[in-house]
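Just so you know, all these numbers are worked out from the coordinates, no wet-lab data involved. Please read all numbers here as calculations on a predicted model, not as lab measurements. For neighbour counting, all protein chains shown are included, and Cβ atoms are generated from backbone atoms with ideal geometry for every residue, glycine included.
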Amino acid sequence: MNQTSIDKLIQTSLDTLKQLDFKESTIKRHRRQFLYLRSYMRSHRQDLYDESIGEKCQIDMLTEGVAKDFRLKEIRHSINLLNDMLNHVPVRKKRIHCRVYPFPGEFGKHVQVFLEHLKIECRPTKHTLYMYMTALSHFAVRMQVDGICPDNLDTIAISRFVSSLQNTQLRVCVPVRRFLRYLFERNITKTDFSIPLFVIKCHRAEKLPSLYNTEEIRKMDASIEKSSPVGKRNYAIFLLASRLGLRASDIRLLQFHNLDWDRNVINLKQSKTQKNIELPLLSIIGEAIIDYIRNGRPKSETKTIFLTAIAPYTPLSIPGLSCIVSHIIYKAGIDTKGRHHGSHCLRHSLATRMLEQGTTLPVISESLGHSNTQSTMVYLSVDIKSLLRCSLVVPPVTDGFYMQKGGWFYE
């Protein structure tokens with residue numbers, strides 16, 4: 001079995017990834033797992049790596065339950081990469097072969113010309129172009145099967161095509177509608193068949209924000225283990241989200257200069273709206289941040305406060321920060337059925353509690369950093385008590401109303 005120095009193997013692997021022009025995010029992810037493996041080997045007083053060590057590391061992680069499924073998947077990919085380098089197996093980038101969609105018949109010829117026209121006039125993204133190719137391929141195939149060409153195209157043929165679509169009506173009909181308009185404008189068809197398709201629109205259901213009441217927030221608070229470095233970090237993040245309603249994007253980018261300890265305020269420019277806001281630096285939040293900085297934060301030159309717990313120490317990502325809040329909610333034993341469980345739900349919950357306590361909309365809007373009160377109006381839909389106070393009493397209807405004119409109301 002081949003063996004080599006783990007430091008040398010890691011450096012060779014990273015150099016190879018750079019030479020093959022892998023994404024920086026991919027290299028960074030592998031580097032993080034390599035360093036974890038090296039730390040694992042040093043804890044077992046091993047410097048030479050072979051395949052058995054990588055396998056034992058994965059087994060230990062699995063049996064000790066110290067990592068989530070996605071973490072196990074990442075370490076497995078990195079160990080497989082090290083094994084390939086160790087055994088001199090060529091490393092190749094994954095290539096995704098896009099499916100080629102057919103454009104048969106006379107409509108297929110017009111579709112190809114239309115797509116070239118679309119590329120020049122609109123410069124669509126790859127995703128948009130792929131959507132158009134998929135939808136128009138379905139249309140061209142169906143027209144060929146039905147024996148339809150531009151000369152005998154009618155509303156019946158289009159209706160037959162649309163009715164064959166189930167959950168993809170909107171995604172398919174928008175490109176087809178634009179293609180039919182193109183055919184009419186080029187005098188390929190005498191009738192504008194795109195008009196009937198305008199009735200197919202997206203009807204999105206109104207979504208209510210996910211909320212957690214005061215008792216559930218207290219359970220989350222109590223479930224956080226505050227003695228470890230990770231627990232200290234997670235507790236400070238939880239307080240910023242639940243007490244001040246900060247977005248995940250603003251928490252992850254929070255830096256030391258944003259904290260004004262003399263005035264006990266937090267000054268920052270919101271990542272989403274680019275609006276400057278000033279929030280009170282509550283004592284409980286300040287103490288949690290200080291505790292994390294002094295006793296939990298890894299030593300790093302970066303100015304960002306919250307860092308990953310595993311080297312190389314970098315600022316948290318937005319998905320990573322949301323996972324932290326999600327883990328807190330699950331650990332508290334709260335039923336999340338029908339509710340989101342990321343960091344943004346704490347922001348919604350804070351706004352709703354403020355509304356229930358009689359706080360005016362402009363104050364809530366300013367506290368959350370909304371650009372206008374219209375964004376805050378969404379929280380009115382969940383304040384049932386306030387809505388009930390605004391409702392009017394419906395007067396009773398007498399039996400005479402239903403029996404008037406001989407009771408024709410029931411006919």
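The ranking of E116, E278 from fewest to most other beta carbons within 10 Å of each one's beta carbon is E116, E278. Dividing the convex hull volume of the alpha carbon atoms of the stretch 105-199 by its residue count gives 92 Å³ per residue. Using 0.36 nm per residue and subtracting the Cα-Cα separation, the extra length available between F256 and I195 on full extension is 16.2 nm. In this structure the amide hydrogen of Y49, modeled in the peptide plane, comes within under 5 Å of the amide hydrogens of T4, S5, I6, none closer than 5 places in sequence on its chain. Is there a pair in K18/K232; K8/K28; K109/K190 whose C-alpha atoms are over 24 Å apart, and which pairs would that be? Check vs 24 Å cut-off fails for K18/K232. As a calculated quantity, the FRET efficiency between V91 and V145 at R0 = 60 Å, using C-beta atoms, amounts to about 0.85. Each residue of the stretch 253-260 is assigned a 3J(HN,Hα), and the resulting list reads 9, 4, 10, 4, 6, 6, 9, 9 Hz, derived from the Karplus form 6.51 cos²θ - 1.76 cosθ + 1.60 (θ = phi - 60°), x at Gly and Pro.
Global dimensions of the stretch 4-86 from alpha-carbon coordinates: Rg and Dmax equal 12.3, 36 Å. Using a cut-off of 28 Å between Cα atoms, the listed pairs K23/K303; K226/K303; K275/K303; K219/K303 include K219/K303 as exceeding that distance. Excluding same-chain neighbours fewer than eight residues apart, the aspartates and glutamates reachable from K331 by a Cα-Cα span under 19 Å are E64, D69, E215, E216, D221, E225. Between the alpha-carbon centres of the stretch 221-296 and the stretch 318-342 there is a gap of 18 Å. Can you pull the percent of Cα pairs in the stretch 214-386 with separation above 21 Å? Looking at the stretch 214-386, the distances longer than 21 Å represent 48 percent of pairs. Of all aspartates and glutamates in the structure, those lying under 16 Å Cα to Cα from K272, and not within fewer than 8 positions of it along the same chain, are D250, E366. Applying D = kT/(6 pi eta Rh) to the stretch 251-335, where Rh is the Kirkwood radius over alpha-carbon pairs, T corresponds to 10 °C and eta to 1.306 mPa s, the Stokes-Einstein value obtained is 110 µm²/s.
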